[in-house]
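Written out below as structure tokens is the structure these notes cover.
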Amino acid sequence: MKFVQIIEFETERLEEMQQVLEEAGRRNADRTNGPTHSMLLKDRDKPSRYLALIEFESYEEAMLNNDDPETSAMAGRLDALSTGERVFTNCDLLDARDLK
């Protein structure tokens, strides 16, 4: 079953965060595990608040990615760019479809 992690965070340094994520994406391009899709949402009512939705093939794949030292290093860099704590919500993906 596919797995999605939702990460809620606040930052005034989004461009720097996106650079960290792009670097990680290039490093991980050849990996068999790791995220398969991502989506970044900006809160229209609170402009410094964001939600990142990260999809994995399974919960187990997500946990392998989570245990990777490079993922831990990236998370530390993202923490330093965040205002306050990031909030993680772990979800099993029950349904996804294109509506048009």
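The numbers here are math on the coordinates, done by the rules we state, and not lab data. All of these numbers come straight from a predicted model, not from anything done at the bench. Cβ atoms come from the backbone with ideal geometry, glycine included; neighbour counts cover every protein chain shown.
At-a-glance table
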quantity	calculated
Residue in segment 55-66 that is in contact with a helix residue (DSSP H, G or I) (Cβ under 6 Å, 6 or more places away or on another chain) and either polar (S, T, N, Q) or within 13 Å of Phe9 (Cβ to Cβ) (or both) present	yes
Unique match (being surrounded by 12 or more Cβ atoms within 10 Å (Cβ to Cβ), in contact with a Ser or Thr (Cβ under 6 Å, 6 or more places away or on another chain) and not aromatic (Phe, Trp, Tyr)) among Leu81, Leu41, Leu21	Leu81
Matching residues in segment 58-72 - criterion: being assigned to a helix (DSSP H, G or I) and not aromatic (Phe, Trp, Tyr)	Glu60, Glu61, Ala62, Met63, Leu64, Asn65, Asn66, Asp67, Pro69, Glu70, Thr71, Ser72
Test: residue in segment 34-55 that is on the phi < 0 side of the Ramachandran plot and in a helix (DSSP H, G or I)	no
Residues of segment 22-54 classified as within 20 Å of Thr89 (Cβ to Cβ) and polar (S, T, N, Q), total	3
Residue ID - nearest to the chain's Cα centre (by Cα), chosen from residues in segment 49-69 that are surrounded by 14 or more Cβ atoms within 10 Å (Cβ to Cβ) and farther than 12 Å from Phe3 by Cβ	Ala52
Segment 7-33 - residue that is part of a loop (DSSP other than H, G, I, E, B) and without any contact (Cβ under 8 Å) to a residue 60 or more places away in the chain and, of those, nearest to Asn66 (Cα to Cα)	Asn33
